[in-house]
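J.: Right, I'll just put the structure down here and ask away after.
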Amino acid sequence: MQNIKKYFSQLTEAQIGQLEVMLRLYPEWNVKVNVISRKDIDNLEVNHILHSLAIARFIQFTPGTRVLDLGTGGGFPAIPLAMMFPDTHFHLVDRIGKKLRVAEDVARQAGLNNITLQHGDIKEVKGTFDYVVSRAVMPLPDMVPLVKRLIDRQQRNAIPNGLICLKGGDLDDELRPYAKRILIEDLSTYFSEPFFITKKLVFLPI
């Protein structure tokens, strides 16, 4: 857990305990449900948990913030973020039920009470949220029309409400339609591990 502690030295004992639960349970679950590539499960701490926590380097959610995790899979980025922000509510949505069962069990055993889960399509989600987060789910031009109706008009954070995505690879074509509004952060400015050299955080106010 030294990689996470290096960047988040303010973690409480309770949060460290929750991280230990994640680091134990995801490999156990991954034997039964392939929520993380079997070739990558040994890199859980950096490539998945720390990667998810890049959002915590970008924004500090104020208490009462509501966040929707679109295509959460086994709970990334929402579960690490829920540990970091216990006063923020995270709603996890995915169409694959068995992956949501993993997220539900990890959240329960970690003692996270700020999470709800929904098995189904994004079009079935009701209510509004301050932010929609995602991790390599779909191209932005496909995502924006799906989530636009879900973004709350009321502002409660220092950063405008909108979409926060963790992405990698060549994004020029995907992001071109939003060039005048979008903010792109290189994760290599947050974290020094080689994994982050090609990784980016993309923020689009909506």
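J.: Determine, from the Cβ-Cβ distance of ARG149 and ILE96 and an R0 of 22 Å, the FRET efficiency 1/(1 + (r/R0)^6), rounded to the nearest 0.05.
T.: The formula returns an efficiency of 0.40 here.
J.: Starting from the Cα-Cα distance between ALA179 and GLU28, subtract it from 0.36 nm times their residue separation and give me the gain in nm to one decimal.
T.: That pair, ALA179 and GLU28, stretches by 50.2 nm at full extension.
J.: Taking the alpha-carbon centroid of each part, what is the distance from segment 158-190 to segment 89-148 in angstrom?
T.: Going from one Cα centre to the other spans 20 Å.
J.: If one puts a single equal scatterer on every Cα of segment 126-206 and applies the Debye formula without solvent, what log₁₀ I(q)/I(0) results at q = 0.13, 0.16, 0.20, 0.21 Å⁻¹?
T.: Log10 I(q)/I(0), no solvent term: -0.42, -0.62, -0.92, -1.00.
J.: A further question on this structure: Compute the distance in nm between two label points, each set 7 Å from the Cα along the Cα-to-Cβ direction, one at ALA136 and one at GLN10.
T.: Using points 7 Å along Cα→Cβ, the separation is 2.9 nm.
J.: If you don't mind, another one. Return the calculated 222 nm mean residue ellipticity for the chain, to the nearest 500 deg cm²/dmol, obtained by summing -39500 (n - 2.57) across DSSP H runs with n ≥ 4 and dividing by the residue count.
T.: Rounded to the nearest 500, the figure is -8500 deg cm²/dmol.
J.: Within straight cross-link reach of LYS5, meaning Cα distance under 30 Å, which lysines are found once same-chain residues fewer than 8 apart are removed?
T.: Partners found: LYS32, LYS39, LYS99, LYS167, LYS199, LYS200.
J.: In the chain, what % of DSSP beta bridges are antiparallel (nearest 5)?
T.: Around 35 percent antiparallel, to the nearest 5.
J.: Now, a different point. With N residues in segment 1-116, what two-decimal value do you get for its Cα radius of gyration over 2.2 N^0.38 Å?
T.: 0.97
J.: Continuing with this model, one more query. Take the Cα atoms of the chain, find their three principal axes, and give me the spread along each one in whole Å, biggest first.
T.: Taking max minus min along each principal axis of the Cα atoms, the chain gives 42, 36, 31 Å.
J.: Lys and Arg at +1, Asp and Glu at -1: add these up for the other residues within a Cβ distance under 9 Å of CYS165 and post the number.
T.: Around CYS165, the charge tally is +3.
J.: Could I ask something else about it? Sticking with the crude label model, points 7 Å out along Cα→Cβ, report the distance from PHE58 to ILE206 in nm, one decimal please.
T.: 1.3 nm
J.: Sticking with this one: Using a cut-off of 10 Å between beta-carbons, work out the net charge of the residues near ALA136 (Lys and Arg +1, Asp and Glu -1, ALA136 not included).
T.: With Lys, Arg at +1 and Asp, Glu at -1, the neighbours total +3.
J.: Where does the charge balance sit around GLY64 when Lys and Arg score +1, Asp and Glu -1, over other residues with C-beta under 12 Å from its C-beta?
T.: -1
J.: How big is the Cα convex hull of segment 80-149 in projection, averaged over all directions, in nm²?
T.: Averaged projected area of segment 80-149's Cα convex hull equals 5.0 nm².
The numbers here are math on the coordinates, done by the rules we state, and not lab data. Since this is a predicted model, take the numbers as computed values, not measurements. With ideal geometry, Cβ positions are generated from the backbone for all residues, glycine too; neighbour counts draw on all protein chains shown.
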